[in-house]
1. Which of the following residues is at pLDDT below 85 and open to solvent by less than 20 Å² (accessible area, probe 1.4 Å): G320, G344?
2. Have a look at E449, E398, E453, E426 and point out the one that is acidic (D, E) and within 33 Å of the chain's Cα centre (by Cα).
3. Helices (runs of 4 or more DSSP H) wholly in region 406-515 with at least 2 residues that are in contact with a His (Cβ under 6 Å, 6 or more places away or on another chain) and under 30 Å from R530 (Cβ atoms) - which ones?
4. Taking region 49-91 only, how many residues are assigned to a helix (DSSP H, G or I) and either within 25 Å of A419 (Cβ to Cβ) or open to solvent by 20 Å² or more (accessible area, probe 1.4 Å) (or both)?
5. Please verify whether R507 is buried (at least 16 other Cβ atoms within 10 Å of the Cβ), within 23 Å of E561 (Cβ to Cβ), without any contact (Cβ under 8 Å) to a residue 12 or more places away in the chain and not β-branched (V, I, T), treating the condition exactly as stated.
Amino acid sequence: MTPRRLAGLLLALWWIVYPLAQRLPISLNVVHGLLVVALALCAAGTVRKRASVAVGIPAAAAFVAAISLLIATLGARGDFPVGERWDGAVVGFSHVLFFLCALVLVPQRAKLGDAAADKEDPTAVRMRGGLAAVLGLAALAQLIVVMLGGGEFERLAGTLGNPNLFGAFVAAVGLAVGAFARSRPLSVALFAVFAMVILQTGSRGAFLAGAVVLLGFAARRGVRVGFGVALALAAVLWIVPNPLVERVDALQDHLAYSRPFLWGVGLDNALEHPLGIGASMNKYVFPTDALDPARPWLVAQRHQVGLTHNVFLTLALEWGWLAALAGLALLLWTMWQALRPGPGRLGEDRLGQGAGLGAAVLLVESQVDGLEQNPLLFSLFLLLTAVVLRRLGRPTPELRVHGRVIASSFLVGAVALGAAVLQIDERRDDEAAATAVLRDWRARAVPSEGARENIATFVAQHPDSSRLARTQLDFEVAVLRRELNARATPAQHDGGQRVWDALALARDANPLDPRPLRAAADAALALHRRGGRDPAHLDRYVRYVEELLRLDPYDVDSRRELALEAHATQRAELAHTQLDVLLTLQPYDAFSWWISGLRAQHEGRDEAALAAFIKTRQLIWEARVPAGALNPGARDAVNKLLSRTTMENLEAQRLKLAQRLREERPAKLESQGEQS
């Protein structure tokens, strides 16, 4: 079997078999890394006997992007977690190596002026048939999974886990396979079938991307063809029952961050970090800029956003400006070479034309969704892009390099990537094992000392693993809580020292993760309440929460709990400081208004307290009416308030204070009259 055919078999297994094997005990990124290692070996076998290999603009752009990623990874801020930063870099390097392998394995089209420039060589014919079969089977496998899942108007997601990504996959495969077909009626039928499937995903971006690319392709064939395709798309959209129309009719943009807001924050951060922040590090940068003045309640979702939802913006922010410029330059150069009129254009090559349509759909989709988050889909985009670049029939600038040099480079890359992937896989196995130890301890299947020793061993083997350090902290916090629940005296526990030590390790592994501080703060507060009301534990709780809020200023829950605890322990200045921030950040927060009323009542400011209690009642009723659904943050605050107290208690509290003020008012007026 030739290296090129072996590579085709590996890609078939990757896109058809692996997505269906959902229970494999190995992560998607690890499988992707091992696939790229195997493809690199195939690429080395393909070029090792060649006297020279052309290194052109696409390979140079990929090399520049890899250098930019390396600079971003090495020069990132010191407080970014080292382990996660290099994990993201390994995924990025694997994408670059995959793209370079595809440039070698895809057969090159004869250049303009060659005798075979106007013919499709047998290798290209076989690749077109094989690629059409693989993509068709991959789509069929996904559709089988969808049909077995059922759900008449549910958004289809296949095994990709995201309806938007599944819709983009279907659109790209439909256009590519339809263009590969020799029969025009067959192509039209394929386009129609895939269009109906896209509608069932409910993905606005995927449908728009497919429609724009298809309309552009049809318009180049003539005005009447373009008009006919537009009418056909409109008819399908109007006639076929689908969740897309329902989603457009019932848009609820107040429930999620808008794309313009995410792009604006990403652009500001990219301008601030021209060298990049490191792959996958946006999830630590975005939360501090997560306040959308038009929708302040969305800060509750700040840790769910890790993407800029634009592939070039992601390159600029995480990989650095150099990578983004290389990607944009390659895109513009490819579009010029593929679309400009004259002989040798891409439309004259069926393989390149089909790949171009599929790549164009995924490119458009990547401007509004995080296509790069899924290796299955992004590898398809990279392969189709490489096919387009290799099927350009025009002379391009290139450098000739001996085949053995290129083969040696692929071997070095394969060895380095394979070692990194295996190391990541080993660490993740240990992380899963530590989590299993904690689970067994919670089930009282293992003793505390044995569990502590096992988890500590894993942490010592992987000091950069923030997940292992957090597991150790969770274990120590759980042990302390079990001891406190058993009414252990201070002499029977260590006063939380093991928790504080575990917190130090977790903070070293990931200084930007607020979760360890939250866990340690809760442990300190539990010690204060159940361990003798020691002021030192309360001071520790306040210190941890204040440090957490410096990392995560929009953590409304922690700020609210700190304000309530400060009020209960007579720390007036701290309570007022937190309440001022809360009511400025979220003036619709009924819970914070209630705490403000309690504080004012305690300080003898009865009129201010009554106003706060009236505001609390008003916000509760506003959150309960149908219009309150427009502000999920207000509804969440009400639910948390009513988990602490009841509506009857709140009303009794307000009425009692109002009655007292009515009784005191005549006495006040009489006193003021005597003084005058």
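1. Selected residue: G344, the only one of G320, G344 that is at pLDDT below 85 and open to solvent by less than 20 Å² (accessible area, probe 1.4 Å).
2. Just a single option satisfies the conditions, and that option is E426.
3. It comes to 466-485.
4. Residues flagged as assigned to a helix (DSSP H, G or I) and either within 25 Å of A419 (Cβ to Cβ) or open to solvent by 20 Å² or more (accessible area, probe 1.4 Å) (or both) within region 49-91 amount to 26.
5. Details: buried (at least 16 other Cβ atoms within 10 Å of the Cβ): yes; within 23 Å of E561 (Cβ to Cβ): yes; without any contact (Cβ under 8 Å) to a residue 12 or more places away in the chain: yes; not β-branched (V, I, T): yes.
Against the criterion (buried (at least 16 other Cβ atoms within 10 Å of the Cβ), within 23 Å of E561 (Cβ to Cβ), without any contact (Cβ under 8 Å) to a residue 12 or more places away in the chain and not β-branched (V, I, T)), R507 qualifies.
The rows are residues; the columns are (1) modelled with pLDDT under 75; (2) surrounded by fewer than 22 Cβ atoms within 10 Å (Cβ to Cβ); (3) closer than 14 Å to S366 by Cα.
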site: A195; (1), (2), (3): yes, no, no
site: I198; (1), (2), (3): yes, no, no
site: F207; (1), (2), (3): no, no, yes
site: G222; (1), (2), (3): yes, yes, no
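Matching residues to (1) closer than 22 Å to W297 by Cβ; (2) buried (at least 16 other Cβ atoms within 10 Å of the Cβ); (3) at pLDDT 90 or above; (4) touching a strand residue (DSSP E or B) at 6+ places or on another chain (Cβ under 9 Å):
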site: D513; (1), (2), (3), (4): no, yes, yes, no
site: L517; (1), (2), (3), (4): no, yes, yes, no
site: A524; (1), (2), (3), (4): no, yes, yes, no
site: P535; (1), (2), (3), (4): no, no, no, no
site: Y541; (1), (2), (3), (4): no, yes, yes, no
site: L548; (1), (2), (3), (4): yes, yes, yes, no
site: L551; (1), (2), (3), (4): yes, yes, yes, no
site: D555; (1), (2), (3), (4): yes, yes, yes, no
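Table: residues versus (1) hydroxyl-bearing (S, T, Y); (2) without any contact (Cβ under 8 Å) to a residue 40 or more places away in the chain; (3) under 25 Å from L549 (Cβ atoms).
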| residue | (1), (2), (3) |
| --- | --- |
| G276 | no, no, no |
| D292 | no, yes, yes |
| A326 | no, no, no |
| L330 | no, no, no |
| M335 | no, yes, no |
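The values are calculated or read from the model by the stated rules, or taken from the named source; none is laboratory data. None of the values given here were measured: they were computed from a predicted structure. Note that we place each Cβ from the backbone using ideal geometry, even for glycine, and neighbour counts take in every protein chain shown. The accessibility values were calculated without ligands, DNA or RNA, using every heavy atom of the protein model including side chains. Shrake-Rupley method; radii C 1.70, N 1.55, O 1.52, S 1.80 Å.
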